[in-house]
Amino acid sequence: MQWKRQHRKKKCADDLAAEIMELKAALQAAHDRETALKLTCENVKMRAVKKATMVLELKSDLKSVRNSERLLKASCAENDKRAKNQAARIRELVASLRAARESSSAFENAYKIEKARVAKDAIKID
């Protein structure tokens, strides 16, 4: 009888030891899952930080591009204004040159007429 009691106690102890081992294994598995989730969470956080940093860099680049675009537009407008002013000045100079040519031609014609008249008068005097 005592042998049966000892056998039952041993069986109970063995069952408890087996259950403890199962619980330890389950606890270890839960701990491993927790560690894996923490690592995954950290990876997700790191990726989120990298993406946020990239977004900030892209926003900064976009701002720089917009500023450059604004400066280029202003420069183009200034160049267009200068080009229009230069074109107007060139037209004025061309008109002035034409007027000078016409005036020169008129003086030349007047000179030739006066020279012919003087020559004609000189012939009459002789």
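The values are calculated or read from the model by the stated rules, or taken from the named source; none is laboratory data. Only a predicted model underlies this, so the values are computations on that prediction, with no experimental measurement involved. So basically every Cβ, Gly included, is an ideal-geometry build from the backbone, and we count neighbours across all protein chains shown. With ligands, DNA and RNA removed, areas are computed over all heavy atoms of the protein, side chains included. Shrake-Rupley method; radii C 1.70, N 1.55, O 1.52, S 1.80 Å.
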Please verify whether region 92-112 includes one or more residues that are open to solvent by 100 Å² or more (accessible area, probe 1.4 Å) and either in contact with a His (Cβ under 9 Å, 6 or more places away or on another chain) or modelled with pLDDT of 95 or more (or both). yes
Please pick out the residue among 53, 40 that is among the polar types (S, T, N, Q), surrounded by 10 or more Cβ atoms within 10 Å (Cβ to Cβ), part of a helix (DSSP H, G or I) and over 33 Å from the mean Cα position of the chain (by Cα). 40
Residues in region 1-32 that are modelled with pLDDT under 85 and under 60 Å from the mean Cα position of the chain (by Cα): how many? 0
